[in-house]
1. Taking amide H positions as placed in the peptide plane 1.01 Å from N, state which residues far from B:Phe107 in sequence (5 or more) or on other chains have amide H under 5 Å from it.
2. So what is the calculated 222 nm ellipticity per residue for chain B, using -39500 (n - 2.57) for each DSSP H run with n of 4 or more, over all residues, to the nearest 500 deg cm²/dmol?
3. For A:Gln428, which inter-copy label distances result when the label point lies 7 Å beyond Cα on the Cα-to-Cβ vector, reported in nm to one decimal and in ascending order?
4. Take peptide B:372-385, look around each residue's Cβ out to 10 angstrom, count Cβ atoms belonging to other protein chains, and average those counts.
5. Is there a simple number for the mean count of other chain Cβ atoms within 10 Å of the Cβ of residues in B:530-536, and what is it?
6. Find which of A:His481, B:Ala99, B:Cys388 sits farthest along the positive direction of the dipole of the protein assembly as shown, computed with +1 on the beta-carbon of Lys and Arg, -1 on that of Asp and Glu, about the Cα centre.
7. What does the charge add up to near B:Ser498, with Lys and Arg as +1, Asp and Glu as -1, over the other residues with Cβ less than 13 Å from its Cβ?
8. Gap in Å between the Cα centre of region B:154-178 and the Cα centre of region A:328-360?
2 protein chains.
Amino acid sequence: MGSRMGFLYFPHLILFSWALSAHLLLAIGQRSTYIVHLDKSFMPTVFADHHHWHSSTIDSIKAAVPSSVDRFHSAPKLVYSYDNVFHGFSAVLSIDELAALKKSPGFISAYNDRTVEPQTTHTSDFLKLAPSSGLWKASGLGQDVIIGVLDGGIWPESASFRDDGMPEIPKRWKGICKPGTQFNTSMCNRKLIGANYFNKGILANDPTINISMNSARDTDGHGTHCASIAAGNFARGVSHFGYAAGTARGVAPRARIAVYKFSFDEGELTSDLIAAMDQAVADGVDVISISFGYGLIPLYEDAISIASFGAMMKGVLVSAAAGNDGRGANVLNGSPWILCVASGHTDRRFAGTLTLGNGLKIRGWSLFPARAFVKDSPLIYNKTLAACDSDELLSQLSDPERTILICDYNADEEVGFGFSSQISQVNQARLKAGIFISEDPRVFQSSSFPYPGVVVDKKKGNQIINYVKSSVAPTATITFHETYVDKERPAPVLAGNSAQGPSKSYLGIAKPDIMAPGVLILAAFPPNLVSESIQNIQLTSDYELKSGTSMATPHAAGIAAMLKAVHPEWSPSAIRSAMMTTANPLDNTKKPIRRDNNVVATPLEIGAGHVDPNRALDPGLVYDATPQDYINLICSMNFTEEQFKTFARSSANYHDCSNPSADLNYPSFIALYPFNPERNYTWLEQKFRRTLTNVGEAGATYKLKIETPKNSKVSVSPQKLVFKGKNDKQSYSLTIRYVGDNDQSTNFGSITWVEENGNHSVRSPIVTSLIVQVWE
Amino acid sequence: MGSRMGFLYFPHLILFSWALSAHLLLAIGQRSTYIVHLDKSFMPTVFADHHHWHSSTIDSIKAAVPSSVDRFHSAPKLVYSYDNVFHGFSAVLSIDELAALKKSPGFISAYNDRTVEPQTTHTSDFLKLAPSSGLWKASGLGQDVIIGVLDGGIWPESASFRDDGMPEIPKRWKGICKPGTQFNTSMCNRKLIGANYFNKGILANDPTINISMNSARDTDGHGTHCASIAAGNFARGVSHFGYAAGTARGVAPRARIAVYKFSFDEGELTSDLIAAMDQAVADGVDVISISFGYGLIPLYEDAISIASFGAMMKGVLVSAAAGNDGRGANVLNGSPWILCVASGHTDRRFAGTLTLGNGLKIRGWSLFPARAFVKDSPLIYNKTLAACDSDELLSQLSDPERTILICDYNADEEVGFGFSSQISQVNQARLKAGIFISEDPRVFQSSSFPYPGVVVDKKKGNQIINYVKSSVAPTATITFHETYVDKERPAPVLAGNSAQGPSKSYLGIAKPDIMAPGVLILAAFPPNLVSESIQNIQLTSDYELKSGTSMATPHAAGIAAMLKAVHPEWSPSAIRSAMMTTANPLDNTKKPIRRDNNVVATPLEIGAGHVDPNRALDPGLVYDATPQDYINLICSMNFTEEQFKTFARSSANYHDCSNPSADLNYPSFIALYPFNPERNYTWLEQKFRRTLTNVGEAGATYKLKIETPKNSKVSVSPQKLVFKGKNDKQSYSLTIRYVGDNDQSTNFGSITWVEENGNHSVRSPIVTSLIVQVWE
């Protein structure tokens, strides 16, 4: 491990300074909410339960510290008790009270409550999920597994949450549906079995706040969308304003949903999020999906990371969003115990067709949310108008209401007159429609299209301009509402804004782990919120196309849940390994998956590749990891005792740091090298040791296939693994030796264990990357 | 009959003068198109067929009349030969050529080509049509009958014209699908078995015209809508922009459709219409639906009347629209041999719900074609703004984009600031939404609703205004896309613009005959036409809500076709009788059907009442009439020989005028009285004789029930009719004696023959009306 650590520049100083300033800000005379970790083994036996212990602790602080009254809180106050994902509580405390608390028996650590940042349905087809084979068949479409969706609640009336075809609920699952504002328990059913909400943290922070929707009802749409992606029932005849029309369905249409709302219009705080995850684990969910994340924050103050560690230790996999910040090591949820999900485009596109007066038909991108009538209208291309950036467009056109104007490509999209500004001008001028020449990838992951028109690429744009120039009275007709599978472009393609690894929280594991569909996914949406607009009129919809790693995450969660249904004995690590080693690094043209800017994507963007649920069902071998393996990992993290215990809690066997190791038995490999002006890297070598468990039904022999990253040498020993039977384990070692790189670029390769006389192949990506590039 | 005629003031003088002036206009040195009736018995045997005779006739005129060249036509020219609905042709002739033609052997009459004036899918439920019982079951949903739809063609790609579930086409029906512009024969199928088009008349009138869609393809929507109402297949998941969402289906979903397009963007002319009906009868359609009509025109120049007479003589019932001209004896298609159809509202409404800030929910009318987001927006009522008639609304509101404005009821709707003007103002001011207080019935039969808002009645309007006045910060939320069956209002209700009888063309029979659903009917629509608008953006739709007797007509045609399927031996008169005597004069509250202004409707508005297809299946008795009965009727019409032959043609037995009688064996009774300042009507008496045919399976006895019209005495003899077996006929006589009326109003009653120990009851409306009122 020694040589490996040489690669890593821990960013904690930067993160500390940020965290410190936040502390200072909050410390001035005010109480605020802290998340407090306790060692439960210190709990005196006189207490009937831990909640009693926590209240008593707060009471004793109240007695010990001279009373102070702040704006909201006349005394320290317990917010939540936690006991599942970790042990502890959240409480409203002053700095003095916190200091007193720190002296209490069993105190481990405390950190400030923080705001969590938020991050369907062709995809089951795109993922080749079919009722008669593969993972859908094996899992009964996810029957009898429960996906906990931690988000902004749910719109229970959506057709996606009807319980047609769902079996009765086992008894242990009754009674986890909590009533509240505009939400009663009859809104739960055999599909939506649980609905709970957590906002004591928000109220602790500011007791004057009125929680406008004090229940699990969704007031934002994000939660409803995510839940229906993961496990929405079949919902016929739905669409996004006529686009993507058909039957929506979640990835696991027969899985059950339990929602835990911690995101409110009034905010989303760590304390509530932990309470939500604590409850989800207590309730017994099989998988957790969370499309939220923290930005720059050390692991031991990252509530999702901490709570997910607790969930993983209890056998619950957490699927979390990689984030939508795009380039530059901004990936969120990069903890080694989380399944970190990147977002990709599918093969489906939304279009309008332009028919020119000469009969030429050109398909362009459109999501105008209605079928506008644009027929045989005069088509104008005029160099002085073509930027479509002038308020006086209207005054220069003789018959604006009948005119289709061509808005030419403007390279300087960042400045403002890209598509969204141009369509706004065409709207203000009340033209008949616009033709927008643009290749800006952002256009093709947005559903906003408030005025009739189409977007075409430069080549098609030139065809149109040539027609206009050569015609006496050029005209065009546009038809809308087209949805098609695009055979001309490769798929999947990585979304341009899907965040790139490695994770600033922990560099030792390549993140994200996997890529799943996340661009313009059709899924359920509350009918009382703004979905799209036509001109100044805002519109609502029961289903909406949304984009982001938020949408990719429940796809991965749904697949993980179905794997759990088929293989209840698999650990979270085994499930993640099955998904990663069977993921596809190639697109449907058999070439490496690319970003939307046409550059080949690296494992620091797509992880092991695009998830392949049917292959994940039967991976052959898995890289498993036990709770102790994760303890060993955090033992290697140079944490303070307090930080360590924040994860490892009090349980005796979690304290065994006799074998610290950053070399987690993970299904991917990363080697980071520092900037070196001499470009002399011959001294750089990193060794890994891995153990594979045979989850196939019989013994099998696997042979090695290596794709070596450019500028590295990879050696593996042994080169052949013989598994005698099911659950047999075999280990190998892998060494990456970096041999220099003039471009100091990110390179990647893979190793694949290929079954002899069998169908299994078990692939792990290898990535080498310049660390200084990442951290600048 | 003598006394009866005393009631009638023929309007022919007025109509003649109109027709004469048209003649004069066209006579000046120009050729124009004439419809020419010939007596086929004069056809020399040397001619192989009638077409040959017609060409030869034109050729002989060419030889006889000194040649003249007009703008378009260098010589007289044959346009169409007709041989089915009557015998004759249409031809382009000069006045001199016409004069020569008149001397040709077999010439009967000639009149100028004229322009025809144009006039879905909860209704099968509303009509209680169900697959497992009644008319749908008995007719196999109309299986194997053919409805000829004479209109503006069809959009063959509509889901309503798919042929799922349709049986193979009998051989005799192949080859009646004619290709043309954007239409090839493969567009016909087992549902749409025929598609033909007729525009030679248009081209004869102006050969320079370019027929832009020279095929049966619909460029207007009217034909597609009507065809799918009559016999559209089941089409799932359709709606009018989200309203009326569900499965559309025609009245006879398994009947076949043959379309005959005579209405083009370039016009619609009599000559083409006759050609269309001639072809439909030749093709063997079972029923014809025609949602067109002529205004002020005598019967013997009314091409629909003439061609329908021919169709009826060949056993084909013609269902035609009563017209949308509302009050004042403006009913169209009032010929005794046509089924004349009035239009009613169903029990379905389209709504938006207003939720006031105080929680009060108020449902208002809305067809805004999208789901606008209007949530907790400030609600303003301001007397100076409430007329919503000012261009400067915007400047007087502090935050227009967020404001919901109440537009108050303005009694003077005719002047312009009714709903449609007010919504246009709210749109221009770009407010959030409008609340329109209006009780104008026209609002509730229009689908135009281009800006977010709701229409409420005065009572609800006052509730809203009171809330605004009593609230510090009044707000409202509006939700859209509501479709519901209104249990609070009676249904059906007569559409306010459904034309009123009696017919100026012929007063002796009460028209219209029957009422069918015709308001906001959802049916198929071409996807390339403007359906509705949002602000200035025009929108298209595959299905649309349309209103008018045009929509009622194919409902009646579909029902007639199913009756024909079950009772192939029934004559057109028997089918009409079955529909009329079983029609319901009461609404679903068991009270007489009313107009949309809440006044009880008379038989001169709703005929026998609202069609009841399941009862029509088994009427017990029918009032039948043979072709000779209709000859006897026209024998009574004081026609000239020429006018008479225009209907009766050449066939020898049609010439038997030995028994002229206006007392057609009709299922309704009308007595018209002249204005009489002394109000002394004791001398007024009208006698009718009727014969009923038992179409029940066994013998039956019927007893009389009379509802006497106010101010009249009705006597019937005998009062009991005993039918020995099926097809047995029994006659009775009925006398209406008018006894005076201070108000000189329209009164009505009925006689009903009620089966003893059986379920049948056979009702006929009786109407007495002041004739001078009508003809002023």
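Read the figures in this text as sums done on the coordinates, not as results from a lab. Please read these numbers as outputs of a predicted model, since none were measured by experiment. Glycine gets a Cβ as well: all are built from the backbone with ideal geometry, and neighbour counts include every protein chain shown.
1. B:Asp39
2. -6500 deg cm²/dmol
3. Between copies, matching label points for A:Gln428 lie 2.2 nm apart.
4. That works out to 2 on average.
5. 4
6. A:His481
7. Value of the local net charge: +1.
8. The distance from the Cα centre of region A:328-360 to that of region B:154-178 comes to 43 Å.
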